[in-house]
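A quick write-up on the structure given underneath.
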Amino acid sequence: MKRAPIRFEFHRNQAALFAYVLLFSLNALGAEPVVSAIPQTEKSDSFDAMESPRNYLSGKITQLASDIDRFFGGDRHYQESNPSVIQVSMTRADGYGGGRNFDLAAKLNLRLPVTEGRLRLLLETDPEKNVIAGTAPPQGEAVQPNKIVAPKSVAVALRLAMKKEEQWHFSTDAGLKFPLPIQPFVRTRGSFSSQLGQWHVNAAESVYWFNKLGAGETTQLDIERVFSDALLLRASTNATWLHAKHNFDLRQDVSLYHTTSDRSALLYQASVIGVSQPKFQVTDYVLLFDYRYRMHQKWLFFEVSPQMHFPVERNHRASLALTMRLEMLFDDSR
């Protein structure tokens, strides 16, 4: 009995796979490129017309937000700026939460040479305040008014910053806090930004450990929209958890930044501050107006901020406060 002849039959997808494998093998062996016989889907250009407006809008929002953060000495500018940044300020708070003293503070983020910006030297006063700031109104001590109060501690740290991508930014700090006894601390921070139509979203997560404070984390979400070259709306949600307190400090801000000229800007802000333990409750409502004026060049600023607090400790009765600040900001701006 004769055997039927063996036939090799290839379906269309099998032939395509065979051709791809053969082409890959020839290229791996150094053969000249071969034009593929596999049918290719033509690239659609239906949405190409949207790329330029999208990139322009994204760049405009990002740049305006960056300029405003720089003008107001915002934390995002200090944390993510590629050039070196130095901030020195003297602040006085009167009224609710104020101590009628002049409080000094300073932060330095120095880009070290020959490291392409990946290694930085940090110098900060009261470093714990920089990671948990904004969760509660300032509570000064009304003793010896009109005195200049030096920072309680100074910290020196090295920061390893990953090369900044288009949407991501990561950094890790390790440092020591003075005076004696010397106390170590570590921090790591990551942020992500994205464009959603006319809105810009920036999310940041910080995890840290201080020798006395213990472990903690802070999550912040900013949603921004540009209405014009002079108006920026920002909604900020902030949640801070500390192991020592086993509690979330919560804050919601809605801010409108209004640039009135190249020397001055206004901030209108409404805030709700609360805690999660022993039960969720609002501890303060805040309404504030902030006027910031560039006194000289692009590094000397004066700021005055009348505020109205409605703290739970006063049964949410209106409590007035006034903050004034003189600040020097040094970076590559001229």
Could you tell me which of the residues ASP331, ASP262, ASP222 is more than 21 Å from the chain's Cα centre (by Cα) and acidic (Asp, Glu)?
ASP262
One residue is enough: does the stretch 85-92 have a residue meeting the conditions touching a residue at least 24 places away in the same chain (Cβ under 8 Å), touching a Phe, Trp or Tyr at 6+ places or on another chain (Cβ under 6 Å) and over 30 Å from SER319 (Cα atoms)?
yes
Suppose the filter is in contact with a Phe, Trp or Tyr (Cβ under 7 Å, 6 or more places away or on another chain) and without any contact (Cβ under 8 Å) to a residue 24 or more places away in the chain; does PHE248 pass it?
no
Are any of the residues in the stretch 170-182 under 18 Å from the mean Cα position of the chain (by Cα), more than 25 Å from LEU123 (Cα to Cα) and either among the hydroxyl-bearing types (Ser, Thr, Tyr) or part of a strand (DSSP E or B) (or both)?
no
Going residue by residue through the stretch 193-206, is there one that turns out to be modelled with pLDDT under 95, farther than 16 Å from LYS129 by Cα and part of a loop (DSSP other than H, G, I, E, B)?
yes
List pairs: first residue in the stretch 308-333 and charged (D, E, K, R), second residue surrounded by 18 or more Cβ atoms within 10 Å (Cβ to Cβ) and part of a loop (DSSP other than H, G, I, E, B) anywhere in the structure, Cβ distance under 6 angstrom, at least six positions apart or on different chains.
GLU327/GLY73
Going through the stretch 179-205 one residue at a time, which ones are of a type in the set (A, V, I, L, M, F, W, C) and either touching a helix residue (DSSP H, G or I) at 6+ places or on another chain (Cβ under 6 Å) or closer than 26 Å to GLY117 by Cα (or both)?
PHE185, VAL186, PHE192, VAL201, ALA203, ALA204
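The values are calculated or read from the model by the stated rules, or taken from the named source; none is laboratory data. This structure is a prediction, so every number in the text was calculated from the model and none was measured. Counting neighbours? That spans all protein chains shown, and the Cβs are built from the backbone with ideal geometry, glycine included.
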